[in-house]
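Data first, discussion second: the structure below is written as structure tokens.
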Amino acid sequence: MRTLTSLAAVAALLVAPQVIAQEVDPLDAVEAQSERTTRVAQEIWDHAELGYLELKSSGLLKTELQQEGFTVREGVAGIPTAFVGEWGEGGPVIALLAEFDALPGINQSAAPVREMIDGKDASHACGHNLFGAGSLTAAIAIKEWLEKTGTPGRVRLYGTPAEEGGSGKVYMVREGLFDDVDFTIDWHPSDRNSAAARTTLANRSAKFRFTGVSAHAAGAPERGRSALDGVEAMNMMVNMMREHTTMNTRIHYVITEGGAAPNVIPDSAEVFYYVRHSEADEVKALWARLEDTARGAALGTGTQVEWEIIHGNNPKLVNETLQKALDAKLRDLGGFTYTDEEKIWAAEISKSLGDAARPLEEVEQIQPYELSLGYGSTDVGDVSWATPTVSLATATWVPGTSAHSWQSSAASGHSIGAKGTQHAAKAMTLMAVELYTKPELRAAAKAEFDASRGPDYVYESLLGDRDPPLDYRR
């Protein structure tokens with residue numbers, strides 16, 4: 001009898017966590033944090049701090065985590081605003097990414113018409129204020145679910161600065177901070193709800209700095225050697241080079257310094273280049289040609305040139321096992337609806353979108369699942385080669401809105417943005433629970449990951465061994 005009783009007790013203990021896990025609704029914890037999601041998103045939107053300068057935004061997220069019992073490691077990978085917050089013990093280890101940097105050169109209030117804010121020179125036109133807030137909410141909800149169910153596992157929130165041209169995550173991957181992560185869940189603000197599989201382009205950027213000889217442009221032009229001529233000669237050759245590149249190539253630039261007065265031959269000038277392609281090896285090959293144009297431009301104009309690589313990202317490695325699982329969870333959730341006030345606000349934004357505008361009812365829908373090539377770039381790409389990564393997007397912006405626009409910035413500071421963010425937090429939380437409770441899903445996802453990377457895979461950063469460019473936005 002004792003033996004039977006003991007066996008029954010052991011069996012009850014083994015089954016109990018699964019029963020408890022089924023009884024605890026993980027979405028309750030997300031719903032309970034609605035006010036926090038909105039507040040944190042709004043505060044980061046107000047701060048609008050640029051890459052590697054996000055002291056207030058990063059500090060806010062760290063404080064919220066610490067108040068919830070997370071252990072926080074600050075200043076990781078040599079970046080003052082990067083951090084890792086962790087709760088739990090044992091495994092699996094599931095990471096969530098939190099971005100919080102703003103974009104320079106764009107300024108917008110939360111109004112549905114073009115309206116700038118005096119004194120601001122940056123805004124969250126890519127919605128990273130929402131990104132950070134939504135991932136925070138999900139991390140805390142996952143922690144509460146782990147705690148209530150007694151499920152073994154750790155949840156980590158990675159505070160990842162400077163996604164916009166600074167490649168903050170690349171330095172964190174290079175530092176080995178994802179080496180023991182089993183899975184990473186990622187999301188991004190958008191104008192639609194989707195967990196479709198989407199790759200990205202690899203990219204690399206650099207500032208090319210030309211040095212010449214200044215002189216009076218009218219009185220002694222023969223004595224001068226124009227650094228701006230060097231920049232313009234390089235640009236001309238690169239634009240000719242475009243004709244002889246493959247279809248997935250993207251090259252773009254901006255002259256960041258070109259002189260101050262027409263009658264002074266500039267002795268310094270700078271041009272900032274991005275090169276993108278779907279294959280990292282092709283980016284490297286294109287880059288060698290770009291460097292040759294810089295050398296040729298300097299030789300032909302009698303100037304000197306040097307360059308500094310600013311950022312570089314690998315393309316995203318899609319894991320369809322995970323993407324299809326997340327797509328199913330997002331479909332279980334469905335979309336969401338606007339309030340009457342939000343419909344009026346969104347309709348006003350929609351007027352400004354012209355032919356790009358789409359029906360507002362799309363926020364109530366989930367986009368079809370498909371595998372496609374995206375033409376943007378992100379440092380999430382490097383994370384996806386370090387650990388199996390799954391991503392989603394939710395409609396934080398009015399349907400038809402483009403990222404990096406005043407319309408996306410306005411919505412990112414509005415209740416519409418917060419509503420879409422809550423939806424993302426729900427989907428991420430459900431996906432984490434699925435991974436903690438389904439060993440067969442974990443095994444299948446890791447098998448796909450290993451097959452995609454190949455047996456001889458060795459991680460290589462497109463940044464080389466440079467230190468984080470902490471002053472690139474100053």
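Label separation (residue 256 vs residue 358): 3.4 nm, computed from points 7 Å beyond Cα along the C-beta direction. Among all the lysines, which ones have a C-alpha under 21 Å from residue 316's C-alpha, if same-chain residues fewer than 8 places away are not counted? Qualifying lysines at Cα under 21 Å: 169, 284, 324, 446. Lys and Arg at +1, Asp and Glu at -1: add these up for the other residues within a Cβ distance under 13 Å of residue 300 and post the number. Result for the local shell: -1.
Taking the Cα centre of region 246-383 as reference, the dipole from Cβ charges on Lys and Arg (+1) and Asp and Glu (-1) amounts to some 320 debye. Computed log10 I(q)/I(0) for region 295-369 at 0.18 Å⁻¹: -0.91, from the Debye equation with unit scatterers placed on every C-alpha and solvent omitted. Basic side chains Lys and Arg get +1 at the Cβ, acidic Asp and Glu get -1 at the Cβ, and with that the dipole of region 202-313 about its Cα centre reaches some 100 debye.
Can you give the Rg/Rh ratio of region 345-419, where Rg is from the C-alpha atoms and Rh is the Kirkwood radius? Could the numbers behind the result be given before it?
On the way: Rg = 14.5 Å, Rh = 14.2 Å.
Using Cα coordinates only, the ratio equals 1.02.
For region 202-313, the share of alpha carbon pairs falling in successive 5 Å distance bins from zero is 2, 13, 23, 22, 16, 11, 7, 4, 2, 0, 0 percent.
Label sites at residue 343 and residue 179, each approximated as a point 7 angstrom past Cα along Cα to Cβ, lie 5.6 nm apart. Taking the charge dipole of region 360-467 about its Cα centre, with +1 at Lys and Arg Cβ atoms and -1 at Asp and Glu Cβ atoms, the residue from 376, 392, 360 reaching farthest to the positive side is 360. Centre-to-centre separation between the Cα atoms of region 210-289 and those of region 430-474: 35 Å.
For residue 390, neighbours were defined as the other residues whose beta-carbon sits under 14 Å from its Cβ, and their charges (Lys and Arg +1, Asp and Glu -1) total +1.
Using the Cβ-Cβ distance between residue 365 and residue 466 with R0 = 41 Å, the FRET efficiency computed as 1/(1 + (r/R0)^6) comes to roughly 0.40.
The eigenvalues of the Cα gyration tensor, multiplied by 5 and square-rooted, give region 75-232 an equivalent ellipsoid with semi-axes of 43, 22, 14 Å from largest to smallest. Set the Förster radius R0 to 41 Å, insert the Cβ-Cβ distance between residue 333 and residue 279 as r into 1/(1 + (r/R0)^6), and round the FRET efficiency to 0.05. Calculated value: 0.75. What the Cβ-Cβ distance of residue 289 and residue 214 gives, at R0 = 22 Å and to the nearest 0.05, is a FRET efficiency of 0.15. Selection among 234, 336, 214 by position relative to the dipole of the chain gives 234 as farthest towards the positive end (Cβ unit charges, Cα centre). Comparing 256, 137, 48 along the charge dipole axis of the chain, the residue lying farthest to the positive side is 256, per the Cβ-charge model.
Test of understanding: what is the full-extension gain from residue 458 to residue 443, defined as 0.36 nm times their sequence separation minus their Cα-Cα distance?
Roughly 3.2 nm would be gained on extension.
Relative to the Cα centre, what is the charge dipole magnitude of region 25-73, using +1 at the beta carbon of each Lys and Arg, -1 at the beta carbon of each Asp and Glu, and rounding to the nearest 20 debye? Let's see the in-between values first.
Values: 5 positive and 10 negative charges, 60 e Å.
The calculated dipole for region 25-73 is roughly 280 debye.
Taking a ≥ b ≥ c as the square roots of the eigenvalues of the Cα gyration tensor, an a/c ratio of 1.5 or more together with a/b larger than b/c marks the chain as prolate.
Projected label points at residue 39 and residue 66, each 7 Å from Cα along the beta carbon direction, are separated by 1.7 nanometres. I want the local charge near residue 228. Using Cβ-Cβ distances under 13 Å, sum +1 for each Lys or Arg and -1 for each Asp or Glu among the other residues. Taking every other residue near residue 228 into account, the sum is -3.
Throughout, read-outs are computed from the coordinates displayed, never taken from laboratory work. Keep in mind the model is a prediction, meaning the values are calculated, not measured. A quick note on method: Cβ atoms are made from the backbone with ideal geometry, for glycine too, and the neighbour counts reach across all protein chains shown.
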